[in-house]
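The values are calculated or read from the model by the stated rules, or taken from the named source; none is laboratory data. Predicted model only: the values in this text are computed from it and were never measured. Positions of Cβ are backbone-derived with ideal geometry, glycine not excepted, and every protein chain shown enters the neighbour counts.
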Amino acid sequence: MSKPCLRAPLAFALTLVACPALADVAAADPPLTIVPTAERLTLMGVFAHAHPVVQLVFAGLLIATVAAVIIWLLQLARLGQRRADGLGGAVAFLSALSAAGPLIGLFGAAYGLLDSFIGVANVRPVPSLSILAPGYAEAALSICLGLLAAAVEPGFQVPVGDSRHGG
């Protein structure tokens, strides 16, 4: 066999491989621009535009977190005074909040994402990421609030009853 006979099939094979790559030239991505300050998404904007069910989850987790911080501070003050009267229910609340907070946050995130995905499925053409980002931010905020509510549980316990003194 001569060399020209080997070159023709090789050139043909390379052309078949290279043609799809040459034909599929994508347009360059547009340059990114910063969103004006008045149009930027904030935490309050995420809360304001959330579905009412998710807003209830947000509000409940925030109220529970504030209540847990207050109980935690009261427990700390009573520990410093060596008093433990009336804190059994508060410690039980902190334990329940620690266990349920992340699950409530995940429920809010799942509901928000489900609502977003149903909306995306019913729209043509598919929206861009800048349209979808507020829904993702809503889900992330719900998870963060659930974890925050669970993180408030203190690492110490006030002794509720002392068997040596008959209490």
Lone unmet requirement of (1) more than 16 Å from Ala133 (Cβ to Cβ); (2) modelled with pLDDT of 85 or more for Val54
(1)
Whichever residue in segment 103-154 is of a type in the set (S, T, N, Q) and under 18 Å from the mean Cα position of the chain (by Cα) and, among such residues, is farthest from Phe47 (Cα to Cα):
Ser130
For a quick check of your reading of the model, give me the residue pairs whose first member lies in segment 125-150 and is in a loop (DSSP other than H, G, I, E, B), whose second is of a type in the set (Val, Ile, Thr), with beta-carbon atoms closer than 8 Å and at least 6 apart or on different chains.
Val126/Val120; Pro127/Val120
Would you mind telling me which numbered condition in (1) modelled with pLDDT of 75 or more; (2) over 20 Å from Ala137 (Cα atoms) Gly86 fails?
(1)
Among the residues of segment 136-153, which ones are over 12 Å from Pro102 (Cα atoms) and surrounded by 22 or more Cβ atoms within 10 Å (Cβ to Cβ)?
Glu138, Ala139
Residue within segment 114-127 that is out of contact with any Lys or Arg (no Cβ under 8 Å at 6 or more places or on another chain) and surrounded by 16 or more Cβ atoms within 10 Å (Cβ to Cβ) present
yes
Residues of segment 91-124 being polar (S, T, N, Q) and assigned to a helix (DSSP H, G or I), in sequence order, are Ser95, Ser98, Ser116
